[in-house]
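The values are calculated or read from the model by the stated rules, or taken from the named source; none is laboratory data. Owing to the predicted nature of the structure, the values given are computational and were not obtained by experimental measurement. Cβ coordinates were reconstructed from backbone atoms using ideal geometry, including for glycine residues, and neighbour counts include every protein chain displayed.
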Amino acid sequence: MKSKSPRHGVARVISKLGLGSRTQAMQWVREGRVRVNGRLVRDFEFGVQHDLDRVTVDGLERAPARLVVMLNKPRGLVTTTKDEQGRETVYRCFEGAALPWLAPVGRLDKASEGLLLFSNDPAWAARITAPATGPDKRYHVQIDRLADASLLRRLEQGVQLQGEHSGARRIGARRIGAKSVRCLRAGRRNAWLEIVLDEGRNREIRRLLAACDVSVLRLVRVAIGGLLLGDLPKGGWRALSQEEISALAG
């Protein structure tokens, strides 16, 4: 009896297999590099049953062995494979490196810096970014004022955000807060906080602090779970060991 699994567009299946992003897959289809069961496919919406059909790109059926890379993201780069506005992306840091296709695991906004992961394994990446299974994320954040006990308490208790728009998509009202907050050091007019999130959505810390009338001067992610940014130079990267990869996934 044949599989009853649903059909999906071949570009989507390629991305799920970890061979490349969906955008890259669409380009490969146009270039005539994709075959389904040996047949050349020119339509990136061509229906495929992943457990029945054989999909290849340049003859390659499976993604290379799982690879996870950590990058010390510099400020000013956007976390995307290609930016429609022509801004420099994090992939600038990998120029000249002999690496397979890698996708960001989560993201850091343009003004943020620090530890950012990349992987060619979509299933592993989904586990790391999922709220229920992903590790905590730790940040060092410089703010534009001194931090008293009241502010630290409010950040941990959380705030209610009203509905807002993210591009064309509207986000409903929700409550956000930090798992833990402590003051690392203080100057005369500003302070550094250590903020731990158990989820780490896009711009979560900036939204949380803005709701408390606090501006961010600098934001650096210093750890994901037990993986530390350490002394990795800005713009530098390294591959994680299998022990580090396993530890992140719990």
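If we scan segment 214-237, do we find a residue that is modelled with pLDDT under 95, of a type in the set (Asp, Glu) and either within 27 Å of ASP121 (Cα to Cα) or within 16 Å of the chain's Cα centre (by Cα) (or both)? Among the residues of segment 214-237, not one is modelled with pLDDT under 95, of a type in the set (Asp, Glu) and either within 27 Å of ASP121 (Cα to Cα) or within 16 Å of the chain's Cα centre (by Cα) (or both), which makes the answer no. Considering only residues in segment 189-222 that are within 21 Å of LYS234 (Cβ to Cβ) and β-branched (Val, Ile, Thr), the one that is surrounded by the fewest Cβ atoms within 10 Å (Cβ to Cβ) turns out to be VAL222. Could you list all residues from segment 34-88 that are β-branched (Val, Ile, Thr) and either touching a residue at least 60 places away in the same chain (Cβ under 8 Å) or under 24 Å from LEU217 (Cα atoms) (or both)? Across segment 34-88, the qualifying residues are VAL68, VAL69, VAL78, THR79, THR80, THR81. Put simply, of ALA147, ALA125 the only residue that is more than 29 Å from SER246 (Cβ to Cβ) and surrounded by 18 or more Cβ atoms within 10 Å (Cβ to Cβ) is ALA147. LEU115 passes every criterion in (1) surrounded by fewer than 19 Cβ atoms within 10 Å (Cβ to Cβ); (2) within 30 Å of LEU17 (Cα to Cα); (3) among the hydrophobic types (A, V, I, L, M, F, W, C) apart from (1).
When restricted to residues that are touching a Ser or Thr at 6+ places or on another chain (Cβ under 6 Å) and of a type outside the set (Lys, Arg), segment 104-150 contains 6. For the residues THR80, THR23, the requirement of being assigned by TED's automatic domain parsing to the domain that holds LEU115, surrounded by 12 or more Cβ atoms within 10 Å (Cβ to Cβ), out of contact with any helix residue (DSSP H, G or I) (no Cβ under 6 Å at 6 or more places or on another chain) and among the β-branched types (Val, Ile, Thr) singles out THR80. Pairs are defined by a Cβ separation below 9 Å, a sequence spacing of at least 6 or placement on different chains, a first member in segment 220-236 that is in the same structural domain as GLY134 (by TED's automatic domain parsing), and a second member that is among the hydroxyl-bearing types (Ser, Thr, Tyr) and in a loop (DSSP other than H, G, I, E, B); the pairs so defined are VAL220/SER112; ARG221/SER112. Just to be sure, is ASN190 among the polar types (S, T, N, Q) and in contact with a Leu (Cβ under 7 Å, 6 or more places away or on another chain)? In short, yes. Do we have any residue at all in segment 114-121 that's in the same structural domain as LYS234 (by TED's automatic domain parsing), under 19 Å from LEU232 (Cβ atoms), of a type in the set (A, V, I, L, M) and at pLDDT below 90? Within segment 114-121, none of the residues are in the same structural domain as LYS234 (by TED's automatic domain parsing), under 19 Å from LEU232 (Cβ atoms), of a type in the set (A, V, I, L, M) and at pLDDT below 90. Within segment 27-41, if we keep just the residues that are in contact with an Asp or Glu (Cβ under 9 Å, 6 or more places away or on another chain) and outside any strand (DSSP E or B), the residue that is nearest to VAL57 (Cα to Cα) turns out to be ARG33. Taking PRO104 and the conditions (1) within 19 Å of LEU197 (Cα to Cα); (2) surrounded by 17 or more Cβ atoms within 10 Å (Cβ to Cβ); (3) touching an Asp or Glu at 6+ places or on another chain (Cβ under 7 Å), which numbered condition does it fall short on, given that it satisfies the others? That leaves (3) as the condition not met.
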